[in-house]
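Peer 1: Dropping a structure here in structure tokens format, bear with me for questions.
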Amino acid sequence: MTSADVTINYNKSTAKYACSINGKKFNSGKPAYIEYMYRKLTGTKASFQTIMNMAEGKVEESVATKFDINKRFGFVEQLVKMVSTGVQASAIITGQGGLGKTYTVQKTLEAAGYTDCQTWLTFKLEQSLTRPKPTQWLRVTRLPRVCIVHCLS
């Protein structure tokens, strides 16, 4: 999460929050508007509670700091094992290119005894996952598969 200068005070007489985010001041009685302004002014989405915690000086622990890279790839290995044993029907693994998603999936499938990993893998190269096409995931639904999506933005 990006660091932002956040001050929020609740005024009981007006039933509104007096907010200042990175020097921009505004008043609002709606938490959704405060979330909107935070996103507009910082470029980062955050919940109202997270913004209030920032105003109080509390720092939330992000996933990146809570779980190191080895632990996160351990989660990917566990998910792929679940797909290969039939516990889970499919998996979609996303992230920037070059992180090691494909290597981890192939290594895990080969350790499970699958020699032709290409029958299990579907590769997608997408600009953004915010607006997936309706046909984007069709190949994933028929057979147990692992879909690896390399996000460019």
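Peer 1: Where residues in the stretch 100-116 are part of a helix (DSSP H, G or I) and surrounded by fewer than 17 Cβ atoms within 10 Å (Cβ to Cβ), which of them is modelled with the lowest pLDDT? So that I can check it myself, show each step before the final result.
Peer 2: If we filter the stretch 100-116 for residues that are part of a helix (DSSP H, G or I), which is where we start, we get 101-111.
The next check asks that each one be surrounded by fewer than 17 Cβ atoms within 10 Å (Cβ to Cβ); those that pass are 103, 107, 110-111.
Values: Y103: 85, K107: 85, E110: 80, A111: 85.
Ranking the qualifying residues of the stretch 100-116, first place goes to E110.
Peer 1: What tally of residues in the stretch 42-56 results from selecting those that are closer than 14 Å to N9 by Cβ and without any contact (Cβ under 8 Å) to a residue 12 or more places away in the chain?
Peer 2: From the stretch 42-56, those closer than 14 Å to N9 by Cβ are 51-52, 54-56; that's our starting set.
Checking the rest, the ones that are also without any contact (Cβ under 8 Å) to a residue 12 or more places away in the chain come to 56.
Looking only at that region, the number is 1.
Peer 1: Could I ask something else about it? Of the numbered conditions (1) among the polar types (S, T, N, Q); (2) within 13 Å of A4 (Cα to Cα); (3) out of contact with any Leu (no Cβ under 7 Å at 6 or more places or on another chain), T85 satisfies every one except a single condition; which is it?
Peer 2: (2)
Peer 1: Tell me which of these T94 doesn't satisfy, since it passes every other one: (1) part of a strand (DSSP E or B); (2) modelled with pLDDT under 65; (3) of a type in the set (S, T, N, Q).
Peer 2: If we test T94 against (1) part of a strand (DSSP E or B); (2) modelled with pLDDT under 65; (3) of a type in the set (S, T, N, Q), just (2) comes out false.
Peer 1: Within the stretch 80-116, how many residues turn out to be more than 17 Å from N70 (Cα to Cα) and among the charged types (D, E, K, R)?
Peer 2: Residues meeting the conditions: 2.
The values are calculated or read from the model by the stated rules, or taken from the named source; none is laboratory data. Just so it is clear, the structure is predicted and the values come from calculations on it, not from any experiment. Quick reminder, even Gly has a Cβ in these numbers, built from the backbone with ideal geometry, and neighbours come from all protein chains shown.
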